[in-house]
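A short write-up of the structure that comes next.
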Amino acid sequence: MGKQSTIKFLFCALPLICAVTAGGITRQDNTPDNSTGRTPTMRRLWQNRNERTGSVSIKTSKRSHSLSGQHQPAPGELYPKEEWAIWYADTFDRDSPPSVDVKGFGLVEGLTQLWARHLFESVRPDGQSGFSTFHLKWRQGRVEINGDREGAKRLRGWLFGKKESSYKGYAAEADPALLKKVAVAHAHLIESGEKAEQILTIARAAKDGADFSNRLDGLIKK
């Protein structure tokens, strides 16, 4: 009788155990991180990898994407036909190898995509570092964005507000005019042999987004 009772109890309890386990998995996958109140970083990254529409077409199930359509350079644009690729690295999972995130033509377009990714994923709204890094490779070498963290935090706010998730694409979520101006200024710095730090230094010193935009004019050669 003892064995029969035990078997009967386990048989009755099994559906309840399965239901609790399944419920726990569902909550873990769909609730924000308890310590931050935000959706877990890796889940946000995966959302952002798959939400690209319009300007980006998914070629495979991996991260690599190409900007669709032929690049139309603006008058006087620097390096309008240069091919580039933006590489992504996961700093949380260091065993994961870097991979190409997006590629295309025209240095300004590449820098637009680089700044959007860097400020949205590598810089958190509170100024802390995220778990993603990005850099651009092109004919002349590697381009990274480093510099003043407070400036990066302020620039992120001017471009994205308080957004922490993307449904349209990194660049599409940003203030388009300001993002393009940042990319153009960066291209002029590259032509002069300088780096992106100057842009973030200006962002830290500026009174507001409008003042920052006006100060960028000093980096753009007429």
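Just so you know, all these numbers are worked out from the coordinates, no wet-lab data involved. Since we're looking at a predicted model, the values are computed, not measured. Neighbour counts are summed over all protein chains in view; Cβ atoms, including those assigned to glycine, are modelled from backbone coordinates with ideal geometry.
Please turn the phi angles of the stretch 127-135 into ³J(HN,Hα) values with the Karplus equation 6.51 cos²θ - 1.76 cosθ + 1.60 (θ = phi - 60°), one per residue in order, whole Hz, x for glycine and proline.
x, 6, 7, x, 9, 10, 10, 9, 8
How much length is gained on full extension from ASN214 to ASP95, taking 0.36 nm per residue of separation minus their Cα-Cα distance?
Numbers: separation 119, 0.36 × 119 = 42.84 nm, distance 4.26 nm.
Extending this stretch completely gives an extra 38.6 nm.
Find how much the distance from LYS81 to SER192 grows on full extension, using 0.36 nm per residue of separation minus their present alpha carbon separation; answer in nm with one decimal.
Numbers: separation 111, 0.36 × 111 = 39.96 nm, distance 1.86 nm.
Net length gain for the segment: 38.1 nm.
With the cut-off at 1.5 for a/c, could you classify the stretch 135-216 from its C-alpha gyration tensor as rounded, prolate or oblate?
Working: a/c = 1.76, a/b = 1.21, b/c = 1.46.
Oblate shape, in that a/c is at least 1.5 and b/c is the bigger or equal ratio.
What order, most packed first, do the peptides 131-139, 212-220, 181-189 have when packing is the mean number of other Cβ atoms within 10 Å of each residue?
Working: 131-139: 18.6, 212-220: 16.0, 181-189: 22.8.
Order by mean packing, descending: 181-189, 131-139, 212-220.
Taking every pair of alpha-carbon atoms in the stretch 64-222, what share in percent sits in each 5 Å bin, from 0 to the bin with the longest distance?
2, 9, 19, 24, 22, 15, 7, 2, 0, 0
The stretch 80-163: percent of C-alpha pairs farther apart than 20 Å?
35 percent
Nearest 0.05, what FRET efficiency do THR201 and ALA74 give at R0 = 41 Å with Cβ-Cβ as r?
Details: r = 26 Å, r/R0 = 0.63.
Result of the calculation: an efficiency of 0.95.
Using the Kirkwood radius built from alpha carbon pairs, what does the Stokes-Einstein equation give as D for the stretch 171-211 at 25 °C and 0.890 mPa s, in µm² per second?
Working: Rh = 11.0 Å.
Roughly 222 µm²/s, to the nearest whole number.
Can you order the peptides 199-205, 142-148 by their average number of other Cβ atoms within 10 Å per residue, highest first?
Numbers: 199-205: 20.3, 142-148: 16.6.
Listed from highest to lowest mean packing, they are 199-205, 142-148.
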